[in-house]
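Structure first, commentary second.
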């Protein structure tokens, strides 16, 4: 049997958010959590949500492209705004 796309969970610091899920999605999340717990270690379904969202954002090519474009623009603006940075190697 193959592993799940969402592997073992890393230990990270969290910020509290409140979300509402449609009932069918909540039920499927509980089923996924049960399977994840069986394969790796016991985990509450709610603990999976941040990792799923992170995986979704990282796998969204359109989002990555837009974010990279914005980061490049922001870096150029910082370089223009800070004359000292214009003379740094790689700036």
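Here are labelled values, [x] 59, 23, 19; [y] 42, 20, 17; [z] 55, 28, 25, and one is the computed Cα extents along the principal axes in Å for what I pasted. Which one? Comparing each candidate, only [z] matches the computed number. For the chain, the longest principal axis of the C-alpha atoms and the axis of helix 23-39 are separated by about 90°. Protection proxy ranking, highest mean first, for peptides 47-56, 15-24: 47-56, 15-24, where packing is the per-residue count of other beta-carbon atoms within 10 Å, averaged. In the chain, the longest principal axis of the Cα atoms and the axis of helix 45-59 are about 40 degrees apart.
Principal semi-axes of the equivalent ellipsoid, √(5λ) from the alpha carbon gyration tensor of segment 37-78, are 34, 10, 7 Å from largest down. When each of 14, 32, 40 is scored by the number of other beta-carbon atoms lying within 10 Å, the sequence from fewest to most is 14, 40, 32.
Where a number appears in this text, it was derived from the coordinates with a stated rule and is not lab data. Quick caveat, the model's predicted, so the values are computed rather than measured. In this analysis, Cβ positions are derived from the backbone assuming ideal geometry, glycine residues included, and neighbour counts consider all displayed protein chains.
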